[in-house]
Structure formats: C-alpha cells, structure tokens
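Below is one structure, written out as structure tokens, with a few remarks after it.
FYI, it's all coordinate maths here, none of it is from the lab. Just so it is clear, the model here is predicted, and its values are computed rather than measured. Counting neighbours? That spans all protein chains shown, and the Cβs are built from the backbone with ideal geometry, glycine included.
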Amino acid sequence: MELLPLPASPLLLLTAVVVAAAALLLSAARFTKSRWPRRYHPVVGTVLHQLRYLHKFYHYHTELSRHHKSFRISTAPFHSNVYTSDPAVVEYILRTNFHNYGKGMLNYEVMKELLGDGIFAVDGSKWRHQRKLASYEFTTRSLREHSGAVFKNNAAKLAAAMSEAASSHQAVEMQLVDGSSQRIPRTQNWFTRSAMDSVFEVAFGTKLYCLEGSSEENRRFVRALDDATAQINMRYINPFWRLMRFFNIGMEAALRENIKVVDDLVYKVIHSKVAKMSNQGSESADAEREDIMSRFLRESERDPKTMNHRYLRDISLSFVVAGKDTTGGTMAWFTYMLCKHPSEQEKIAQEIRQAVRAPENATFQDFAERITEEALGKLQYLHAALTETMRLYPAVGMDLKVCFSDDTLPDGFAVNKGETIMYQPYCMGRMTYLWGEDAEDFRPQRWLDENGMFCAESPFKFTAFQAGPRICLGKEFAYRQMKIFWAVLLRFFRFRLRDDDEPVNCKMSLTLLVEPGIFVHVSNRS
C-alpha cells in the first residue's frame, strides 16, 4: 500500500525549513568550536633571528611591528611568544581581562632570589596585599614631603658634580665604576648614582652617599645590586641557569654571593630601624615614619606573622630596584634629546626661570629649596618633554604577561594557557598609526593643548608606566624627581654632545639604557 504524503500548508513548510536550518547552523557552530583550528598571529621569526639582531634588538622588533600590530616569534618546536603593539590588545591584557594575565611562575622563579615575594614578582593575594598597602602609603602627605626634600638635596649635590665638569672645560669621559671591570658613561653613572641615593633614602630612610663617595660597605652593596640585577636578566636567555644554580657554578655562584651582600645591608637597616622604634618614644618613632620601610614596620606590628623581616626586605628592595635604573636611564636619554634639540633645551630653561623665582646668585641648594609644588605645576613644557622622551625611550622597552587560561584577544587571534604575551612600549612609541607621520620625531608640543597645558594620552597607547591595576605606583614620584633634578640642572647649565654624529644604541637589559653612552660638554649658563 502506497503511503500518500500528508497535505501541508505553506506556513508549516516554512516552519520546517527554518527549524532544519537552525539545527544545521547549531551543528556547524558546535563543530567549528570543537574541531575547527583556532586562529593565531603570524609567526614572523624565531629566537635565532632575535639572537642575530641582539645588538639592535628593539630596532628589529620595531620593523616587525610596522608590518604586524601583533605577531609571534617561535622559541621552540610547537611553542612561540606573542608580541603586540596594539593598544586594544594591551588594554585587554592589562585591564579588561587582567585576572587572566600576570607574572607567572617562571618569572617568579627567575626573580625570587632578588625580589622574593616583592610586588613586582608575585600575583594573586600577595600582590593585592602589597598593592593595597603601597597605594595608601604613596599618597600620604608625609611621604610626599619627605621624598621632595630628598630629591631637592640630591639635585643640589648632582649640580655640584656637574659644576666640576663645567669648570674642567672637557667632555665628560668614561670612568671605572667603583673599581669594577664594567665601564659606563659618567653622565649615566651620575644619574644612576643620584637616583640610587634618592630611592634608597625614600625607601629605607638611610643615606648611601653614592654620588659623593660612600663607605666600602655601601659601595659593595650598590655593586652587588647592579651585578645581581644583570645576572637575573641573563636567566631569561640562559637555558642552563637552573643547572648552574644547582651546582653553584659560574654566574649563578656569583649571583648567590651578590644576594648575600645585598641582604647583609638590607637586614642591617631593618634591625637598626626596629631597635630605634622599640627604644624611642612614640613622638620620636613617628618622626622616623616618613620613609617606606618605617611605615611598613608600623604596619607589621598589626600582622607580624605575614609581614616578617623577609617580607619587609622584599617590599622595600623591590622599590629600590624599580626606581634606580629606570629613573637614571630616563635622565640619560633626556640629556641626549636635549643635546640633539638645543632649541627645546633653551625653551625648557626659560620656563624654569619663569616658574621658579630665585636671585641670579642663588646657590644650588637655595634654588632647589625654591622649587615648590606650585612651581612644579607650572613646568608644563618640561613635563611634556620628559613624557616625549619616555614615549621614544621608555624605561622598560618590553614587558611581559603570562596567559593563565586559553583566551581570544580583541583582534580575534588566540593565545593558549602558559604562553607569554610581550607588549612593546618602545615599538609603540614609533608607530605612525598611533602617533602620526612624525612618530619618530621629538616633539614635546604633541602633549600640550592650545593653552600650553599638558594633556595625557591613554595609558594603553603610552605604556611607559604600565596601565590598569598594575599601573606604576611610583609614576608621580618619578615625574617629581626628574622635574626637580632638571629644574636645577637647566637653571645653571647647558649640555651639548661631544660629537653630534656619534651613534647611540639601546642596551639590551631589564631597563632601556644608553649604549655605549652619552658624552657631553657641560657649561655654565651664567
């Protein structure tokens, strides 16, 4: 018996077609999600290419970034790292999906001997605890006033050192650093030493006297901290460092010795402060609280189990490591930009004269004391010029985050759990699609409005201070320190390069330092 089809209305047929189509689309979607390969950024090179161009590493990555906002570099079979100059991706990993990206266990393992559980090495609850405490402390009036006094005193000392160079009528030459075999430019050395003096006194409340000539113990500490920082950096490119650490040989043996020297001085300072705060009355103890260490010691009385001496060491030393080379390096690059653009140097000097009222015969210290908060607020062009320098030469040329779970970035490309994403402040500062055709030109005016007031850019476009929840706590401190220093220096001195055609390069290190250095003539303005 033949079965005849049931009569169907047009509406019923249309409904059946829609249901069938929907089922087909859902099935295809499930297949695509489970079977179709994820999209990844293009692989444009390998770690061997990076090693080949190590002498001009940032230039190499800038050229790659001009062709690809984000790309991958293969580091091993079936493994690669993502590099990005895309503000949308930067915002996503630093803020939008912040909890899925962090330092990661590898970076913690690399840095733990030096930074321990310090804020720059950890994620999660340890990071949140330190961030909360530090955020409060960095906004207190007493710490602001204490740091301002430290910056002014050290700016005057640096000016005195520059005055000697001006009197010699010779270019600032290379010199041995504290008897070590490493030679660095004296200008950069001065800036680094002065920054070290400032950040150590703000952090620990103790003077190192690096610029003036410190004790043997202090010199050993500074030398050990510099060497330890460089040795930690080498771990990122030395695949055998764990083996060397296990056998305590080579650079790892030297690192262990340097960490011991660093710890000896830091714990000595901690024990000394604890003794003072225990023996003195509350009024005297309050007077000792301006520096970061003293303030954290007070906090540790409420939670002695968590905030033990090791924890205090990690917190305070982290701020020293973060502040000394970043500020010193930026000051050196700023010197270079001033020398390459003498008209900008004079424009800033004129602004300083108008903002800081002082007699012509004022001493370095007298002039520094006249740099009030009101005067600093008037130094808009100096602020713009410093920012423009950090756009082109950020203190950290490249920073990394580790992906904690599989994710898809705003550009539609995938990143897997455990992979590293490097965002590139150095490259971003040179992208024409971000800054225009004059992206590689030094133009402080780009940061000023029609009234000459500073206008900030998005921190996901200008990434020199990170962004999101991990944005640099010391950002305003860094600006204040550099503005105070340069207000003093440019009030009294002019700077010019020994040789305008002498090439400079970016040294491959944790921070963006000048290589081989900047050699300048210093002359008195008066």
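The label point for K268 and the one for E476, both projected 7 Å from the Cα toward the Cβ, are 3.5 nm apart.
Over segment 311-406, what number does the Rg to Rh ratio reach, with both radii from the alpha-carbon atoms and Rh per Kirkwood? The partial results should precede the final answer.
On the way: Rg = 18.0 Å, Rh = 16.2 Å.
Taking Rg over the Kirkwood Rh, I get 1.11.
Pairs from the table (K112/K157; K152/K273; K132/K378; K260/K475; K152/K260; K56/K340) lying more than 27 angstrom apart at Cα are K112/K157; K132/K378; K260/K475; K152/K260. In segment 448-526, the inverse of the mean reciprocal separation of distinct Cα atoms equals 16.0 Å; this is its Kirkwood hydrodynamic radius.
The angle between the Cα long axis of helix 57-67 and the main principal axis of the chain comes to about 40°, on a 0 to 90 degree scale.
Diffusion coefficient (Stokes-Einstein, Kirkwood radius over C-alpha pairs, 20 °C, 1.002 mPa s) for segment 350-396: 179 µm²/s, rounded to a whole number.
For segment 201-301, the alpha carbon convex hull comes to 133 Å³ per residue, rounded to a whole number.
Based on the Kirkwood approach, the hydrodynamic radius assigned to segment 259-367 is 17.8 Å, with every pair of different Cα atoms included.
Applying 1/(1 + (r/R0)^6) with R0 = 41 Å to the Cβ-Cβ distance of Q350 and E212 gives a FRET efficiency near 0.85.
What ranking do 500-510, 141-151, 457-467 get when scored by the average of other Cβ atoms within 10 Å per residue, highest first?
Working: 500-510: 14.1, 141-151: 17.8, 457-467: 20.2.
Result, highest mean first: 457-467, 141-151, 500-510.
For segment 348-507, go through all pairs of different Cα atoms, get the mean of 1/r, take its inverse, and jot down that Kirkwood value in Å.
18.3
When N is the residue count of segment 395-439, what does its C-alpha Rg come to as a fraction of 2.2 N^0.38 Å? Please report the intermediate quantities before stating the final value.
Numbers: Rg = 13.3 Å, N = 45, 2.2 N^0.38 = 9.3 Å.
Ratio of Rg to 2.2 N^0.38 Å for segment 395-439: 1.43.
With a sphere of radius 12 Å drawn around the Cβ of L265, what net charge do the other residues whose Cβ falls strictly inside it have (Lys, Arg +1; Asp, Glu -1)? With Lys, Arg at +1 and Asp, Glu at -1, the net is +2. Here the contact order of the chain, divided by its residue count and restricted to Cα pairs under 8 Å and six or more residues apart, works out to 23 percent. Any idea what log10 I(q)/I(0) is at q = 0.11, 0.23 Å⁻¹ for segment 90-165, Debye with uniform C-alpha scatterers and no solvent? For the requested q values the scattering log ratios are -0.53, -1.00.
Axis of helix 10-35 versus longest Cα principal axis of the chain: the two differ by about 40°, to the nearest ten degrees.
Short-range pairs are left out: with C-alpha atoms under 8 Å and at least six residues apart, the relative contact order of segment 456-526 is 26 percent. With Rh defined as the Kirkwood radius, the inverse of the mean 1/r over Cα pairs, the Rg/Rh of segment 31-110 is 1.01.
Over 13 Å, how big is the tail of the calculated P(r) for segment 193-256, in percent of all Cα pairs? So the pairs more than 13 Å apart make up 67 percent of the total in segment 193-256.
How charged is the neighbourhood of L510? Take every other residue with its Cβ under 15 Å from the Cβ of L510, and add Lys/Arg as +1 and Asp/Glu as -1.
So the surrounding residues net to -2.
Relative contact order of segment 44-163: 12 percent, from C-alpha pairs under 8 Å at least 6 residues apart in sequence.
Just the ratio, please: alpha-carbon radius of gyration of the chain over 2.2 N^0.38 Å, N its number of residues.
Output field value: 1.14.
How would you rank 105-114, 485-494, highest first, on the average number of other Cβ atoms within 10 Å across their residues?
Numbers: 105-114: 17.5, 485-494: 22.4.
Ranking, from highest mean packing down: 485-494, 105-114.
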